[in-house]
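Chemist: After the structure tokens below, expect a handful of questions from me.
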Ligand code: GTP
């Protein structure tokens, strides 16, 4: 996806490396969109984020991926099956959510067939990291875990490290106050773990790897880090999702409209790049689409409508002379005519927004709800 493979992948390095993707979270901060789909199915420039992660892994030579699933697992299994991009996909299903550490122990049988370290990825992250670099660095030390580290302005909502010149992490603090953060280097949600980790994580328990395991490993001098630069964004909150979508559109649709099959665009429609338009979408006359808009499969945008900096999930219907800015419209939602939706508002799947309604300032509409009157303050319509 992101990598331009100018180097020759040393196959010996990745031949036996497996990747575990944590895919079972509830995605509570992305409700109501996550009420009806797991976060890993959220489309980023019209493709599920998990699809983009899998493609990236396969381009790095990984051949076996284990998905640790729980919440809405069937949707993931149905969409990704047993193989993708030439990689084998196995599922490790938790009857009860085991957090970010428990699923690693749970998948032990699938991950420990050889003596090799393995990759662990949060499934809600888009990054241009070179997985081979972190595997290589891990193998050079006696680390039990090597974390990918990314520098951010405000580390207070992430795990932050204090690291020495040899790459050894001296302390790991989860979500510190900004003034107490030991650095601006955060845990990027990509790790290489050694098989020894299975002796440290207890079985059958909900465990936070960030809060319970990493601090312990730091104390034992077994936690290392690798700083990287490039692209990194996680799908934590709605504005992160919009940002991830923008980043991806910049990569794939900056110079040319990213268009799928059977799209009908009126000659009088004005498209301002970057924009992605999915299969079978219809864009009528006098519309203004873009910049930074993803329009999903089978969406209809009727005459005179303007959409900017927004994500429209598949099969939504946007009627005439409506304006959507900085918002997310769920699958199959119906937005009637002369509607205005902006400022990080989220319309859940199959919700209906009536004619002339304005939604602004973070209004969230739950799936299948109908909104008949304008809402101008933060509110969740349940
Ligand atoms: P929020 O509820 O909004 O915090 O989102 P989340 O549930 O996705 O939690 P978080 O962002 O901390 O999760 C990081 C990664 O771990 C994501 O890829 C989640 O899918 C995954 N994850 C979180 N909890 C679990 C769990 O209990 N089991 C599994 N298998 N994965 C999990």
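The values are calculated or read from the model by the stated rules, or taken from the named source; none is laboratory data. Here the structure is a predicted model, which is why all the values come from computation and not from measurement. Cβ coordinates were reconstructed from backbone atoms using ideal geometry, including for glycine residues, and neighbour counts include every protein chain displayed.
Chemist: If you check residue 303 against the conditions, is it surrounded by fewer than 19 Cβ atoms within 10 Å (Cβ to Cβ) and out of contact with any strand residue (DSSP E or B) (no Cβ under 7 Å at 6 or more places or on another chain)?
Modeler: Answer is yes for this residue.
Chemist: All but one of (1) on the phi > 0 side of the Ramachandran plot; (2) modelled with pLDDT of 95 or more hold for residue 289; which doesn't?
Modeler: Every listed condition holds for residue 289 apart from (1).
Chemist: Taking only pairs six or more apart or across chains, which ones have beta-carbon atoms under 7 Å, a first residue in the stretch 348-364 that is not assigned by TED's automatic domain parsing to the domain that holds residue 336 and in a strand (DSSP E or B), and a second residue that is surrounded by 22 or more Cβ atoms within 10 Å (Cβ to Cβ) and modelled with pLDDT of 95 or more?
Modeler: none
Chemist: Restricting attention to the stretch 255-308, and to residues there that are in a loop (DSSP other than H, G, I, E, B) and touching a helix residue (DSSP H, G or I) at 6+ places or on another chain (Cβ under 6 Å), which single residue is farthest from residue 326 (Cα to Cα)? Explain how you work it out, then say what you get.
Modeler: Filtering the stretch 255-308 down to residues in a loop (DSSP other than H, G, I, E, B) leaves 255-257, 260-263, 266-269, 272-274, 278-281, 284-287, 290-292, 296-299, 302-305.
Checking which are touching a helix residue (DSSP H, G or I) at 6+ places or on another chain (Cβ under 6 Å) leaves us with 274, 292.
Values: 274: 15, 292: 9 Å.
That would be 274.
Chemist: Mind listing whichever residues of the stretch 108-128 are buried (at least 22 other Cβ atoms within 10 Å of the Cβ), outside any strand (DSSP E or B) and either within 9 Å of the ligand (Cβ to nearest atom) or without any contact (Cβ under 8 Å) to a residue 60 or more places away in the chain (or both)?
Modeler: Residues satisfying the conditions are 123, 124.
Chemist: Now for a separate question. Check residue 202 against each of (1) over 18 Å from residue 22 (Cα atoms); (2) in a loop (DSSP other than H, G, I, E, B) and name the one condition it does not meet.
Modeler: So residue 202 meets the others, but not (1).
Chemist: Only one of (1) crowded, with 17+ Cβ neighbours inside 10 Å; (2) within 16 Å of the ligand (Cβ to nearest atom) is not met by residue 137, so which one is it?
Modeler: Going through (1) crowded, with 17+ Cβ neighbours inside 10 Å; (2) within 16 Å of the ligand (Cβ to nearest atom) one by one, residue 137 breaks only (2).
Chemist: Any residue in the stretch 195-208 that is buried (at least 22 other Cβ atoms within 10 Å of the Cβ) and away from the ligand (no atom under 16 Å from the Cβ)?
Modeler: Scanning the stretch 195-208, I find no residue that is buried (at least 22 other Cβ atoms within 10 Å of the Cβ) and away from the ligand (no atom under 16 Å from the Cβ), so the answer is no.
Chemist: Residues to consider are 344, 331; find the one that is modelled with pLDDT under 95 and in a loop (DSSP other than H, G, I, E, B). Let's see the steps before the verdict.
Modeler: Working: 331 fails: modelled with pLDDT under 95.
Answer to the selection: 344.
Chemist: I'd like to verify a number: residues in the stretch 60-79 that are in contact with a strand residue (DSSP E or B) (Cβ under 6 Å, 6 or more places away or on another chain) and part of a loop (DSSP other than H, G, I, E, B), how many?
Modeler: Qualifying residue count, the stretch 60-79: 2.
Chemist: Looking only at residues that are in a strand (DSSP E or B) and away from the ligand (no atom under 15 Å from the Cβ) in the stretch 17-59, which one is nearest to the chain's Cα centre (by Cα)? Even if it seems obvious, please write down each step before you answer.
Modeler: Just the residues of the stretch 17-59 that are in a strand (DSSP E or B), to begin with: 18-22, 43-44, 47-48.
Applying the additional criterion that residues be away from the ligand (no atom under 15 Å from the Cβ) yields 18, 43, 47.
Details: 18: 20, 43: 8, 47: 11 Å.
Restricting to residues being in a strand (DSSP E or B) and away from the ligand (no atom under 15 Å from the Cβ), the top hit is 43.
Chemist: Right, next: Looking at the stretch 211-254, which of the residues that are assigned to a loop (DSSP other than H, G, I, E, B) and either over 21 Å from the mean Cα position of the chain (by Cα) or over 30 Å from residue 272 (Cβ atoms) (or both) is farthest from the ligand (Cβ to nearest atom)?
Modeler: To start, the set of residues in the stretch 211-254 that are assigned to a loop (DSSP other than H, G, I, E, B) comprises 220-222, 228-231, 235-237, 253-254.
Those left that are additionally either over 21 Å from the mean Cα position of the chain (by Cα) or over 30 Å from residue 272 (Cβ atoms) (or both): 220-222, 228.
Numbers: 220: 24, 221: 26, 222: 22, 228: 19 Å.
The extreme case among them is 221.
Chemist: Something else now. Hey, any hits in the stretch 80-96 for a residue that's in a helix (DSSP H, G or I), under 20 Å from the mean Cα position of the chain (by Cα) and surrounded by 24 or more Cβ atoms within 10 Å (Cβ to Cβ)? Steps first, answer last, please.
Modeler: The initial filter retains those residues of the stretch 80-96 that are in a helix (DSSP H, G or I), namely 80.
Subset that is under 20 Å from the mean Cα position of the chain (by Cα): 80.
If we keep only those that are surrounded by 24 or more Cβ atoms within 10 Å (Cβ to Cβ) as well, we get none.
No.
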